Structure formats: structure tokens, C-alpha cells
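The values are calculated or read from the model by the stated rules, or taken from the named source; none is laboratory data. What you see is a predicted model, and the numbers here were worked out from it, not measured in a lab. Here the Cβ positions follow ideal geometry from the backbone for every residue, glycine too, while neighbour counts run over all protein chains shown. All accessible areas refer to the heavy atoms of the entire protein, side chains included, with ligands and DNA or RNA removed. Shrake-Rupley method; radii C 1.70, N 1.55, O 1.52, S 1.80 Å.
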Amino acid sequence: MASIQKRPDGRWRARYRDDAGKEHAKHFSRKVDGQRWLDEVTASVVAGTYVDPKTALITFQEWSATWLRGYENNRPSTVRQARTHLKRINADFGSRPLKSVRPSEVKAWTARLSDEGLAGSTVYALHSRLGQLFADAVHDGLLPKSPVSRRTAPKAGQQRAYVATTDQVWALYDAMPPGLRPAILLAAFAGLRIGEAVALRVSDVDFMRGIITPAIQYPGVELKTEQSKNPIPIPQNLCLELSVNHAQWGSETLVTNEWGRPISPHRLEHYFREARKSVKGLPEGFRFHDLRHYFASLLIAQGLDVKVVQKSLRHSSAKTTLDTYGHMWPDKEETARAAVASVLADRINSRSEKQA
């Protein structure tokens, strides 16, 4: 319901009631301006983009606090990452009303983050988080449209995998404390991530059949995706190497500290960094996760196709595998040229035979 009336002071009062029955009013010097305002409100109601003017004044920091409370049903590590992102985003947008943020400002913000020296992947992640909050604000009826889109997005951070040599992998293995050596094997020859490696239990390995079935990650929580639970075939000699700690300590996990007890990813990373210093040729930034790249390189070197490598690495899609390791597959240009040449040669030979 909407109306416009002239007041005793000569000004025009335009008013309407929203779906909740709440009245909104605004005063104008000219009737035509008041009618235009009412027409715009009516159009937004019909289009489903109407937002209560007072609701739209909520600041980004106020909305992020509400948003985070609803986000806390995710796993703790996911929530911690969100908190880290929000701390940085609120430093720049926290005091701003949601409706005041413009696409041009978002684009300038990502450029400024890059100029400050943040990694491309970090800038991309912050932009994605900002987009997530604005998208949820739109869904919650706080905004008609998000200022964040693909047009404001920075380029995704691209990091070419560093692949250690086989000698470097074994040097890392020898430099680690005995109880932690299975972690190197699990990453380099089965592709496990660090949280999966330290949490892998003896019961998750079928030593007779040679199959690892990851089920949990540190600190005992379920894996994030169903693909991460895919079984991983391993050879019998690797099974034998992995069983050493359990045989010595009767441990529940395959990776143990010096007393045969489980270890956290943080502690494993500490020992890994110390071991890395003693390995010639490894860059300072070489991470435990880079051992997965070595595993991928082994599979690709054996001529396995992208779908097999994807399944072995437990990626959610072949695109992820290709984006990370596409450069490792051998160039097939000459093979393609030879295939075309063979077909043409058959045609030319056939034609020559007919003419003869």
C-alpha cells in the first residue's frame, strides 16, 4: 500500500508499508519526486530486490559477526581460516555500511593487497571470502545485489609444483627421526596430506591386500570430501616399511614420536624443516605437501592418464589435477602429427596404386 499527500507546509509526504506491515515515509519538495520514489520501491518489491532502508545500513563488521555465528557449524580448521580472512577484510571494510561498497572499490582493494606483497593465492582467497559474505547478505535480504563478482576478481594464484628428485626424497627419509619416517613414505608413495598421514591408523591399512583407506585426519575428524576417502593401492614392500613402528611399539598410528605416540602436523612440520636443511638442492620453501607432487610425478612418468592420476591423488575433479600437474605430461604434438600423417599416407598410397 502506497500513497502521497501534500502537507500543510507545502511539502509532499510519500509513504508505503512493506510486507511486514512496517510503514516507511519520505518527504519531497515536488510531488513528482515523491511519486518516482514510490515507483522505484514498488518496482523493487515486484522484482524481489526490495531491502528495508534501515536494514541496509548494517555495517560489514556487524554482518560478518552474524554470518560467522552461522558458519561455526563447520569443522574448527575451516572456521579458523574464516576468522583469519574476516580479520583482514574488516580492517578495510568493517565500518562501512554494506550498501556503500562499490565494485570499483573491491577491485582497487585486491590490487592494493597485491601491492602490499600478499601472495596471489591469498588475495584470491580473501576476495572469495568477501564474495561469500556479500552473496549471503543478498540471500538474507540485506542487499539487492553483491558488489563482488568475477569482474572484480584477481587472478587465482598459480604455483608450479616443485618436484624433488628420488635421491632427495630418500635423503629426507634418512634425516627424519625413525618414528616419523613413515610420514615421508605416505606422502611420497601414497600421496597422503600431512593431516591424513599423522592420523593414519594401523586399522586403515589392509597389509595383506596392500590398500590404504584414509578415514580421518588430525585431530581425529572425518576427511572433508568423499574423494579423500578413496582407497589407495600400495605395493607389499611399502606395506612392510609402514609396519615398522607398529611392530616396535604396538602403536595405533603408523607415524609416531620417539615414545611410539601419535604426533601433530605442527610437530611433524618442525622435524621436516630440520631434515630439509640437510638435503642438498631442496629450496627453503619446500613443504611436506610437495611430496605429493613427487607422487604425482611418479604416476605421470609411468604414462598413466589424467583420470587415473586424479583418482590416486583423490582430487575432486580432473581439472584440479590438470591445473596443478598438466605441465608434467609429455608433449603429444609429435604423436598427433604422426597420426595425421599415417592417415594421409594410406590415402596417397591407395591413390597411387589405382593410378598404376
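Residue pairs, Cβ under 6 Å, 6 or more apart or interchain, first in segment 65-92 and under 22 Å from Gly220 (Cβ atoms), second of a type in the set (Val, Ile, Thr) and part of a helix (DSSP H, G or I). List them.
If the second residue must be of a type in the set (Val, Ile, Thr) and part of a helix (DSSP H, G or I), the pairs left are Glu72/Val79.
Which ones in segment 180-198 are out of contact with any Leu (no Cβ under 7 Å at 6 or more places or on another chain) and open to solvent by 10 Å² or more (accessible area, probe 1.4 Å)?
Arg181, Arg193, Gly195
Name the pairs whose Cβ atoms lie under 8 Å apart, with the first residue in segment 301-320 and hydrophobic (A, V, I, L, M, F, W, C), the second loosely packed, with under 13 Cβ neighbours inside 10 Å, and 6 or more positions between them or separate chains?
Taking only residues 6 or more apart or on different chains, the pairs are Ala318/Lys307.
In segment 262-293, which residues are open to solvent by 30 Å² or more (accessible area, probe 1.4 Å), assigned to a helix (DSSP H, G or I) and farther than 15 Å from Leu186 by Cα?
Pass one, segment 262-293, residues open to solvent by 30 Å² or more (accessible area, probe 1.4 Å): 262, 266-267, 269-271, 273-274, 276-278, 280-281, 283-285, 287, 289.
Add one more test, that the residue is assigned to a helix (DSSP H, G or I), and what stays is 266-267, 269-271, 273-274, 276-277.
Within segment 262-293, His266, Arg267, His270, Tyr271, Arg273, Glu274, Arg276, Lys277 qualify.
Against the condition of a type in the set (Ser, Thr, Tyr) and outside any loop (DSSP other than H, G, I, E, B), how does Ser312 come out, does it pass? Lay out the reasoning, then the answer.
Values: of a type in the set (Ser, Thr, Tyr): yes; outside any loop (DSSP other than H, G, I, E, B): yes.
When the stated conditions are applied, Ser312 passes them.
Residues of segment 286-304 being of a type outside the set (A, V, I, L, M, F, W, C) and farther than 17 Å from Thr320 by Cα, which ones?
Answer for segment 286-304, where residues must be of a type outside the set (A, V, I, L, M, F, W, C) and farther than 17 Å from Thr320 by Cα: Arg287, Gln302, Gly303.
Hey, could you check segment 233-261 for residues that are without any contact (Cβ under 8 Å) to a residue 24 or more places away in the chain and outside any helix (DSSP H, G or I) and say which is least open to solvent (accessible area, probe 1.4 Å)?
Step by step, filter segment 233-261, then rank; the result is Gly250.
Tally time: how many residues in segment 323-349 are touching a helix residue (DSSP H, G or I) at 6+ places or on another chain (Cβ under 9 Å) and either modelled with pLDDT under 70 or farther than 30 Å from Ala190 by Cα (or both)? It would help to see each step written out before you state the result.
First pass over segment 323-349, keeping only residues touching a helix residue (DSSP H, G or I) at 6+ places or on another chain (Cβ under 9 Å): 324-326, 328-330.
Right, trim to either modelled with pLDDT under 70 or farther than 30 Å from Ala190 by Cα (or both) and you get 324, 326, 328-330.
Matching residues across segment 323-349 total 5.
Can you tell which of Leu172, Leu126 is closer than 24 Å to Leu57 by Cα, surrounded by 20 or more Cβ atoms within 10 Å (Cβ to Cβ) and at pLDDT 85 or above? Please lay out each step first, then the result.
Values: Leu172 fails: closer than 24 Å to Leu57 by Cα.
None of the others qualify; the one that does is Leu126.
Do the conditions hold for Leu172, that is, is it under 30 Å from Leu282 (Cβ atoms) and in contact (Cβ under 8 Å) with a residue 40 or more places away in the chain? Can you show your working first?
Numbers: under 30 Å from Leu282 (Cβ atoms): yes; in contact (Cβ under 8 Å) with a residue 40 or more places away in the chain: yes.
Here the answer is yes, as Leu172 does meet what is asked.
Does at least one position in segment 154-165 carry a residue that is open to solvent by 50 Å² or more (accessible area, probe 1.4 Å) and in a helix (DSSP H, G or I)?
No; the residues of segment 154-165 include none that is open to solvent by 50 Å² or more (accessible area, probe 1.4 Å) and in a helix (DSSP H, G or I).
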